[in-house]
Amino acid sequence: MARRRMIYEGKAKILYEGPEPGTIVQYFKDDATAFNAEKKAVIEGKGVLNNMLSEHFMVGVAGIGIPNHFIKRLNMREQLIKAVEVIPLEVVVRNVAAGSMSKRLGIEEGTPLSRPIVEFYYKDDSLSDPLVTEDQIVAFQWASPQDLDEMVAMALRVNDFMSGLMFGVGIKLIDFKIEIGRLFDGDFQRLILADEISPDSCRLWDIETGRKLDKDIFRHDLGDLADAYTEVATRLGVMPKKSGGPSGPTLVK
Ligand code: TMP
């Protein structure tokens with residue numbers, strides 16, 4: 001049997017040629033990186049958790065009519081997805097000030113925003129993914145004005161869905177990043193959600209305690225990342241509930 005062909009290796013995922021034209025196998029690695037890969041680690045189990053969580057979120061958004069690349073999960077680390085041409089933009093939606101926006105504008109982390117803010121970052125590691133304006137995006141032809149309208153609408157719908165889902169399990173969705181791709185069908189193309197939605201690409205804070213349940217734990221050495229992602233997965237019912245610790249021998253009467 002021929003070995004499948006690797007198409008692309010990113011920081012947290014590998015893409016392999018899929019079984020049929022137009023399909024790709026997306027493999028979730030345990031690798032974690034931050035600050036444009038200045039900081040690196042392998043976190044056992046992260047890939048499995050992100051694979052399951054991204055499936056859960058993609059199936060959820062599809063359920064409210066947001067088209068996306070997810071076809072089916074193949075195993076613990078892989079999912080079958082539709083091949084798209086990814087638009088070279090990271091679309092970030094923010095509900096609460098945090099991260100780079102807090103730093104750039106001097107707004108204290110945790111300050112609620114009066115309305116969700118959508119931002120675009122140009123995907124280029126050599127430039128550290130700079131913030132770009134809609135005029136720049138159109139002028140450099142990364143996307144058309146019509147694409148941009150669609151991307152903003154899609155991002156805000158994902159925000160509504162994800163905020164509600166998270167609120168239901170006691171988690172505040174602070175911000176998140178999505179990527180959008182062009183799906184070609186003959187002479188036609190449409191924009192669909194691509195990449196992943198996972199705690200790697202969101203900020204998630206416990207509503208009661210403020211505990212961070214996302215990749216900021218790794219970025220800022222705040223504790224056990226896999227533990228936090230497992231907590232998110234357990235609350236959402238994606239992973240079975242933890243038992244109350246190792247159970248001792250049971251007395252047989
Ligand atoms: P930021 O505050 O660092 O700009 O991040 C905004 C959101 O985007 C946050 O939820 C984390 C996510 N994100 C990624 O998914 N990939 C990245 O490379 C960066 C910088 C942020």
- Per the list (1) touching a Lys or Arg at 6+ places or on another chain (Cβ under 8 Å); (2) within 15 Å of the ligand (Cβ to nearest atom); (3) within 18 Å of ASP195 (Cβ to Cβ), residue check on ILE180 breaks on (1)
- Mind checking whether some residue in the stretch 88-96 is surrounded by 19 or more Cβ atoms within 10 Å (Cβ to Cβ) and either in a helix (DSSP H, G or I) or touching a His at 6+ places or on another chain (Cβ under 7 Å) (or both)? no
- Item | Residue that is farthest from LYS82 (Cα to Cα), among those in the stretch 186-210 that are among the charged types (D, E, K, R) and more than 16 Å from the ligand (Cβ to nearest atom) | GLU208
- Since ARG157 meets every condition but one in (1) under 23 Å from ILE24 (Cα atoms); (2) touching a residue at least 60 places away in the same chain (Cβ under 8 Å), which condition does it not meet? (1)
- Taking the condition within 11 Å of the ligand (Cβ to nearest atom), in contact with an Asp or Glu (Cβ under 7 Å, 6 or more places away or on another chain) and either on the phi > 0 side of the Ramachandran plot or among the charged types (D, E, K, R) (or both), does ARG94 pass? yes
- Quick one: in the stretch 16-75, which of the residues that are of a type in the set (Gly, Ala, Ser) and either touching a Gly at 6+ places or on another chain (Cβ under 7 Å) or at positive phi (or both) is nearest to the ligand (Cβ to nearest atom)? ALA37
- Query: Given SER243, SER198, SER163, which one is among the polar types (S, T, N, Q), more than 20 Å from GLY47 (Cα to Cα) and at pLDDT 95 or above?
  - Reply: SER163
- Taking first residues from the stretch 173-191 that are more than 30 Å from ARG203 (Cα to Cα) and surrounded by 14 or more Cβ atoms within 10 Å (Cβ to Cβ) and second residues anywhere that are small (Gly, Ala, Ser) and at pLDDT below 95, the pairs with Cβ under 7 Å that are 6 or more apart or on different chains are none
- Item | Residues (surrounded by 14 or more Cβ atoms within 10 Å (Cβ to Cβ) and either away from the ligand (no atom under 11 Å from the Cβ) or not in a helix (DSSP H, G or I) (or both)) located in the stretch 100-109 | ILE107, GLU109
- Out of ASP147, ASP125, ASP216, report the one residue that is touching a residue at least 40 places away in the same chain (Cβ under 8 Å) and more than 14 Å from the ligand (Cβ to nearest atom). ASP147
- Reported set for the stretch 50-60 where residues are over 12 Å from the mean Cα position of the chain (by Cα) and crowded, with 23+ Cβ neighbours inside 10 Å is none
- Pull up the stretch 77-91, narrow it to residues that are away from the ligand (no atom under 14 Å from the Cβ) and under 17 Å from the mean Cα position of the chain (by Cα), then point me to the one that is nearest to ASP206 (Cα to Cα). ARG77
- Taking the stretch 198-236, which residues are of a type in the set (Phe, Trp, Tyr) and surrounded by fewer than 17 Cβ atoms within 10 Å (Cβ to Cβ)? none
- Query: In the stretch 16-49, how many are aromatic (Phe, Trp, Tyr) and exposed (fewer than 12 other Cβ atoms within 10 Å of the Cβ)?
  - Reply: 1
- Message: Taking the conditions exactly as written (of a type in the set (A, V, I, L, M) and modelled with pLDDT under 95), does MET6 satisfy them or not?
- Response: no
- Which residue, of PRO145, PRO112, PRO130, is loosely packed, with under 13 Cβ neighbours inside 10 Å and under 15 Å from ARG203 (Cα atoms)? PRO112
- Message: Can you tell me which of (1) part of a strand (DSSP E or B); (2) within 16 Å of the ligand (Cβ to nearest atom); (3) hydroxyl-bearing (Ser, Thr, Tyr) is the one SER114 doesn't meet?
- Response: (2)
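The values are calculated or read from the model by the stated rules, or taken from the named source; none is laboratory data. Keep in mind that what you see is a predicted model, and the values were worked out from it rather than measured. With ideal geometry, Cβ positions are generated from the backbone for all residues, glycine too; neighbour counts draw on all protein chains shown.
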